[in-house]
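Beneath this line is the structure, given in structure tokens, with notes to follow.
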Amino acid sequence: MREILSGNEAIARGAFEAGCRVACAYPGTPSTEILENITRYPEIDASWAPNEKVALEVSIGASFGGGRALCTMKHVGVNVAADPLFTLSYTGVNGGLVLVVADDPEMHSSQNEQDSRNYARFAKVPLLEPSDSQECKEFTRLAFEISEQYDTPVMLRSCTRVSHGKSIVELGERVTNLPQPMLTKNPAKLVMLPGNARVRHPLVEERMVRLAENGSTMAINRAELRDTSIGIITSGVSYQYVREVMPEASTLKLGMVHPLPHAMIREFAARVDRLYVVEELDPFIEDQVRAMGIAVTGKEIISLCGELTPGRLRTAFGLPQPIGLAPVKMPGRPPNMCPGCPHRGVFFALNQLKAYVTGDIGCYTLGFMPPLSAMDTCVCMGASIGMATGVTKVVSAEEKKKVVAVIGDSTFLHTGINGLMDMVYNNSPATVIILDNRITAMTGRQDNPASGFTLMNNSSHTIDFPMLCTALGVKHIRVINPLDLEETKRVIAEEMQRPETSVIITDKPCVLIKREDIFQKGPLYAVDVDICTGCRACLKIGCPAIEWRPAGDGSRKGRAFIDPQLCTGCDVCRQLCTFDAIGSTP
Amino acid sequence: MSRQITNILLVGVGGQGILLASEILSEAAMLAGFDVKKSEIHGMSQRGGSVVSHVRYGTEVFSPIVPEGEGDILFGFELMETCRSLPLIKPGGTVVANDLQISPPSVLMGQETYPADLVFRIQDHFPDFLLVDGQKVARDAGNVRAANTVLLGAVSRRLDIAEEFWMKALEKMVPAKAVDVNKKVFKVGRGL
Ligand SMILES: Cc1ncc(C[n+]2csc(CCOP(=O)(O)OP(=O)(O)O)c2C)c(N)n1
């Protein structure tokens with residue numbers, strides 16, 4: 001059967017066909033839909049972990065127990081999971097273990113564009129790179145086989161264009177002849193104390209040599225000889241751009257990018273007049289080819305930054321470019337918090353209080369944008385809290401009071417708890433605001449340990465944030481309604497003044513939660529045009545449901561208007577109107 | 001070696017249903033026997049940002065994104081987004097656009113104005129331009145929520161995919177209770 005699948009759907013399908021038993025992940029664009037799609041296959045135990053490190057550790061356990069296990073994450077997730085990964089390389093596996101990493105060249109939805117291939121080399125694990133959905137499925141299956149055959153975790157590297165691209169896939173059946181998982185003890189292999197690890201390390205090095213040798217005969221690495229005046233080594237989605245733009249050029253398409261098949265590369269290089277490497281981001285293949293003593297061109301013509309496109313590749317090779325219309329300047333359309341978003345009022349208050357906000361990653365990072373303009377830093381998930389502590393260590397006593405860390409519920413549980421523990425332990429005066437909207441909203445509303453449900457939609461324990469903070473030793477904990485602007489501003493101001501660690505928890509759900517009884521729309525609001533003076537106070541919260549309509553006489557005058565299709569009845573704009581021009585409609 | 005590829009760009013604002021439309025289009029192309037690839041960016045764009053979806057079909061498709069300046073058809077769900085993507089279309093390409101304006105934040109807040117001359121700008125450069133009031137046609141045909149299907153119908157007439165495949169794709173991709181009305185509305189669009 002043939003179906004159009006996204007790369008992520010195809011990876012999920014590949015895991016199913018490979019007889020995978022356990023899949024675990026923390027969401028992150030562009031990897032999230034892999035686990036969401038795995039829920040279609042009841043044969044696989046699928047779950048969200050609170051962070052990538054735990055997700056990988058759950059997968060390692062499943063593998064040691066003898067089952068095939070899949071773990072997925074976005075590129076920066078590997079930074080969090082790196083600790084277990086590097087030693088898993090030494091222990092090897094029992095059931096096959098595949099770590100899918102989805103990179104995001106161009107940073108469509110990420111804070112950096114690190115190239116995950118470097119992790120494969122650093123951790124000494126093989127890495128496969130599919131270039132379309134069919135390969136996503138096949139390479140996932142193959143990755144499980146290589147994992148067991150060579151006793152190693154295998155990385156499968158995707159990118160935004162492969163994960164979120166769709167193409168036709170031929171479906172297959174699930175393998176059924178895998179051994180039944182059971183407890184087997186093998187401490188010499190699985191207990192990585194120095195004595196054991198010293199025995200394992202040489203095996204890792206031998207394994208990588210064997211893989212490099214065998215790579216030259218693997219079907220997923222293939223030389224396609226056409227016109228031999230130009231030869232291009234490439235992999236992943238870059239291969240598609242090369243075929244698109246230079247269909248006559250010879251290509252060496254690498255399905256396994258680490259370790260590189262040296263013999264095959266030498267042979268290909270010898271058959272072409274001029275050798276190029278076309279790869280996004282780092283000169284990962286190029287540097288190694290050059291180190292083999294082979295002359296090659298790569299990053300001299302292709303940028304280290306951003307993703308490739310057919311047009312950019314044409315420019316790199318000096319090929320003629322079709323001439324489209326020149327772009328004209330128009331108002332931009334940046335993403336925005338939704339109408340009724342419970343984050344909005346908090347940032348409005350922080351802006352008014354002139355706080356120094358160490359921020360974090362989630363929908364609330366949009367609090368950085370005007371008109372809210374109330375976020376001063378954003379580095380990585382969980383960083384807000386530790387950074388708040390650090391800032392207060394160096395600034396004046398008066399400025400210490402300005403420092404507030406803002407973090408979402410999912411992010412707090414991901415890597416924020418340790419930061420808060422440190423705050424209490426080392427007596428930081430900063431204030432922490434946990435924006436508990438009961439969901440991981442940014443990545444498309446995934447459940448987490450504080451949402452009360454699992455990935456499989458089963459109800460589960462819900463973390464009690466005040467109790468958790470109390471257990472960590474926080475003495476000042478306030479729970480507020482962020483849709484009440486007066487309360488929000490007053491409580492934040494009070495806690496900012498306090499010279500001890502304090503935590504404020506907001507208590508309103510994301511407006512996009514579909515589950516019954518969690519988010520409910522309020523009455524619609526409207527502007528009474530006879531009362532509205534056109535003062536623009538209600539525009540200061542940047543709600544997409546509120547529109548400024550100019551009077552049309554060329555003056556700066558006008559009136560506010562609320563779009564009834566978009567209004568959720570959150571009531572925040574009414575609180576801003578000093579003329580009582582905004583009210584709920586029956 | 002000539003690869004006959006049709007390049008379509010679907011553009012608009014997050015939340016407008018662009019992904020479903022591009023999915024129906026891809027499905028119809030596959031059913032008609034073509035190789036198909038499609039690509040778009042999820043994530044941030046869901047929060048009301050610009051969305052561009054690329055669909056390519058033909059004998060054998062390599063790149064999942066339409067090479068810059070090689071778009072055959074621009075399928076616009078919103079006027080300003082349609083204009084923003086004109087540079088991706090080849091000279092003499094086709095534009096089918098919904099006659100709808102959605103104000104971005106800077107316009108909502110009164111800092112910028114929504115450009116006034118967009119329809120003329122498209123017309124000046126692309127003689128093969130169809131402007132459709134998708135909402136109105138859909139309402140007249142029975143369901144205002146099927147505006148995208150009207151436009152899809154209008155686009156379909158400009159593609160070499162037979163009507164039966166469109167009907168099958170609609171049956172597969174649209175929720176069961178909305179299939180009939182969508183088929184009806186699609187046919188109205190196909191007549192435009
Ligand atoms: C290490 C890492 N993993 C995953 C992500 C992707 N990511 C960005 S924000 C976010 C979660 C946001 O959820 P929450 O903190 O609850 O805030 P909300 O979006 O709900 O406001 C995720 C998973 C990331 N940036 N870094």
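The values are calculated or read from the model by the stated rules, or taken from the named source; none is laboratory data. For clarity, every value in this text was computed on a predicted model and none was experimentally measured. Because the Cβ atoms are built from the backbone with ideal geometry, glycine has one as well, and the counts that use them run over all protein chains shown.
Any residue that is within 14 Å of chain B (Cβ to nearest Cβ), modelled with pLDDT of 95 or more and surrounded by 21 or more Cβ atoms within 10 Å (Cβ to Cβ) - is there at least one of those in the stretch A:350-361? Within the stretch A:350-361 (the criterion being within 14 Å of chain B (Cβ to nearest Cβ), modelled with pLDDT of 95 or more and surrounded by 21 or more Cβ atoms within 10 Å (Cβ to Cβ)), the answer is yes, since at least one residue qualifies.
Output yes when any residue across the stretch A:38-45 is within 16 Å of the ligand (Cβ to nearest atom) and buried (at least 23 other Cβ atoms within 10 Å of the Cβ), and no when none is. Within the stretch A:38-45, none of the residues are within 16 Å of the ligand (Cβ to nearest atom) and buried (at least 23 other Cβ atoms within 10 Å of the Cβ).
Of the residues making up the stretch A:6-32, those that are within 14 Å of another protein chain (Cβ to nearest Cβ), crowded, with 24+ Cβ neighbours inside 10 Å and either of a type in the set (S, T, N, Q) or more than 16 Å from the ligand (Cβ to nearest atom) (or both) number 6. The residue list A:365, A:358, A:297 contains one member that is within 16 Å of the ligand (Cβ to nearest atom) and over 30 Å from residue B:78 (Cβ atoms), which is A:358. Of all residues in the stretch A:114-123, none satisfies being among the hydroxyl-bearing types (Ser, Thr, Tyr), surrounded by fewer than 23 Cβ atoms within 10 Å (Cβ to Cβ) and touching a His at 6+ places or on another chain (Cβ under 8 Å).
Being in contact with a Leu (Cβ under 6 Å, 6 or more places away or on another chain), of a type outside the set (D, E, K, R) and within 21 Å of residue A:344 (Cα to Cα) is the requirement here; does residue A:374 meet it?
Values: in contact with a Leu (Cβ under 6 Å, 6 or more places away or on another chain): yes; of a type outside the set (D, E, K, R): yes; within 21 Å of residue A:344 (Cα to Cα): yes.
Answer is yes for this residue.
Within the stretch A:405-452, the set of residues being assigned to a strand (DSSP E or B) and away from the ligand (no atom under 14 Å from the Cβ) comprises just one member, A:431. Can you find, within the stretch B:8-64, the residue that is surrounded by the fewest Cβ atoms within 10 Å (Cβ to Cβ) among those that are part of a strand (DSSP E or B) and without any contact (Cβ under 8 Å) to a residue 40 or more places away in the chain? By that ranking, first place goes to B:35.
Working only within the stretch A:265-323, note down all residues that are of a type in the set (Asp, Glu) and either in a loop (DSSP other than H, G, I, E, B) or touching a His at 6+ places or on another chain (Cβ under 7 Å) (or both). Across the stretch A:265-323, the qualifying residues are A:273, A:279, A:280, A:282, A:300, A:307. Residues that are in contact with a Gly (Cβ under 7 Å, 6 or more places away or on another chain) and either more than 14 Å from chain B (Cβ to nearest Cβ) or hydroxyl-bearing (Ser, Thr, Tyr) (or both) were ranked within the stretch A:158-174; the one that is surrounded by the most Cβ atoms within 10 Å (Cβ to Cβ) is A:158.
Collect the residues in the stretch A:417-440 that are of a type in the set (Val, Ile, Thr) and either in contact with an Asp or Glu (Cβ under 6 Å, 6 or more places away or on another chain) or farther than 22 Å from residue A:454 by Cβ (or both), keeping them in residue-number order. Step through it out loud before you land on a result.
Taking the stretch A:417-440 first, the residues of a type in the set (Val, Ile, Thr) are A:417, A:424, A:431-434, A:439-440.
Listed by number, the residues that qualify are A:424, A:431, A:432, A:433.
One residue stands out among those in the stretch A:76-125 that are over 22 Å from residue A:204 (Cβ atoms) and in a strand (DSSP E or B): the one that is farthest from the ligand (Cβ to nearest atom), which is A:103. Within the stretch A:204-227, the set of residues being away from chain B (no Cβ under 14 Å) and surrounded by 14 or more Cβ atoms within 10 Å (Cβ to Cβ) comprises A:204, A:207, A:208, A:211, A:212, A:214, A:215, A:216, A:218, A:220, A:221, A:223. Listed conditions (1) more than 13 Å from chain B (Cβ to nearest Cβ); (2) under 25 Å from residue A:212 (Cα atoms); (3) surrounded by 15 or more Cβ atoms within 10 Å (Cβ to Cβ) are all met by residue A:316, apart from (2). Report, by residue number, each residue of the stretch A:540-586 that is over 22 Å from residue A:510 (Cβ atoms), within 11 Å of chain B (Cβ to nearest Cβ) and in contact with an Asp or Glu (Cβ under 9 Å, 6 or more places away or on another chain). Those that are over 22 Å from residue A:510 (Cβ atoms), within 11 Å of chain B (Cβ to nearest Cβ) and in contact with an Asp or Glu (Cβ under 9 Å, 6 or more places away or on another chain): A:547, A:560, A:561.
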